Structures are given as C-alpha cells and as structure tokens.
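First the structure, in the form of structure tokens, and then the observations on it.
Read-outs: derived from the displayed coordinates by stated rules, not from any lab. Please read all numbers here as calculations on a predicted model, not as lab measurements. Neighbour counts are summed over all protein chains in view; Cβ atoms, including those assigned to glycine, are modelled from backbone coordinates with ideal geometry.
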Amino acid sequence: MKYSAIVLAAGSGKRMHAGLPKQYMDLCGKPLIYYALAAFEESPVDEIVLVVNPGHIDYCQREIVERFGFHKVDRIIEGGSERSESVRNGIEAAQGDYVLIHDGARPFLSQEVIGRMMDAVQKYRAAIAAVPEKNTIKEGDSDHWVTSTLDRSRLWEIQTPQAFDRQLISEAYQRLLSEDPDCSMASLTDDAMVVEEGGRMPDGSHPRIQLIQGDYFNIKITTPEDLVFGKAILKQAKGK
C-alpha cells in the first residue's frame, strides 16, 4: 500500500498579524513549513503533496523544496479559497492508497504519531490524531451565558494528521457536492467532517472514525503567542 502526505500551506495567517503568510515565517532559523515537511521526509510515507497559495508554486519549489532538499515532495499544487477546497485539490493530486492530511502550521509532528496514523488508517480506513481534553469546557449561548458543562472524559482535542482511505474521502467530497452543489465549504472545519457527512462504507453505512493518540506538543501555530511556545519546544528538543 502507498501512503501520501498532504501538507497544507495555503493559509493567509491573518491572526498572526504579520506581513507574510505564516507558513514562511521564521521559527528558529527556518520557515515554519520546513518542520512539517521534514517530519514526513524522514517518515515511511511514499510521497508528499504540498498545497500552497495561488502564485506561490515557483517560490516554494525554489526556496523550500530545493533549498532544503525535500526529495519526497512529488507535487506542489495551488489550494483554494477555503481549507476544504485545498484538501480536495491535494486528494486529487495524491497517488497513494491512503492520505495523511496535515496542517503545515503544526511543526512538531513526531515520527511516533505518523507511525500510529499509518497503522490506524490501514486498519480503520478513517482515523484522526487527538489528545484527551485537559480543561473544563462549558457551552454558552449567543449572549455568552453558560448553558452546560460538558463531560471532559468524553472530549478530545483534534489535531492533524487526519488519515483516510483516499477513495473513501474522495467519494465523500463528490457525494457532498453532488447532493448540495451550493454547500458551504467554509463550514467543513476539519477533514473528518467531510467523511462524517458524506462518507459511505461498501454496505452503505456511515464510516466510523477512530481517535488515535496524538501529542500535546503537536500544537498549531496560529497567533504570535504560539510562536513563543514553538520556540520553547524547539529549544527543549535541542537540549538548550
């Protein structure tokens, strides 16, 4: 079986309040996107599909792929206006039987998590990295009044990679769009939602998605504060 890693680097990074897309921001001497690509480069996956902003293909080929010698980056393609469109473009470009879809803004992906996801997707066809929620979570209404306290023992914080049988998630996208051509891709905030809503097993049933233990260090760099945490993680990893 062949595995494809789809690395998403087509975001604008508005919450970072920087003058360039966050995937190119410096993190301890290297662009942020370097770290996710390096993790998959060192892993057993067969190929990497890098999804970038329109007009950024040549830049990423020259300044990221060639500069750092990423031999597994088989294709660089343009993303869409929404995350889900970028994912769909990546799935269509991937050649693997299974796809591991990962946010390029999560730089601290370990080989252990990649290995667990590769094993899980072959067994379950749909699996997502996650960690048990450590905080108390309350639900509120539109006026910010607490309506309930959720059972923390049943809550998981979802991460990436999210791994799927490529045919399963591809057909899920096709089914959603054929049933509702005007469906809002913006409402599909993670890849598992596509499979939850549009996926079908051979017997017609909805697929079940397995939660796989992720890593609390596998944070997403979204705001300037996250960069502070990211630098601390790298320094700890280097033993400084």
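Computed values, structure above
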item	result
Packing-based order for 57-65, 134-142, 201-209, 160-168, using average beta carbon neighbours within 10 Å, highest first	160-168, 57-65, 201-209, 134-142
Computed lengthening from residue 110 to residue 38, 0.36 nm per intervening residue step minus Cα-Cα distance	24.9 nm
Global geometry of the range 141-218, whether rounded, prolate or oblate, following the gyration tensor of its Cα atoms and the 1.5 cut on a/c	oblate
Full-stretch length increase - residue 178, residue 137 - with 0.36 nm per residue and alpha-carbon distance subtracted	11.1 nm
Chymotrypsin sites (Phe, Trp or Tyr not before Pro) within the range 62-159, DSSP loop, no more than 14 other Cβ atoms inside 10 Å	145
Average projection area in nm² (convex hull over Cα atoms of the range 78-203, one quarter of hull surface)	10.3 nm²
Qualifying lysines (Cα of each under 29 Å from Cα of residue 134; at least 8 residues distant if same chain)	14, 22, 123, 220, 231, 235, 238, 240
Simple label model, 7 Å out from Cα along Cβ direction - residue 206 to residue 232, nm	3.9 nm
Cα pair distances of the range 63-148 binned at 10 Å [whole percent]	12, 31, 32, 17, 8, 1
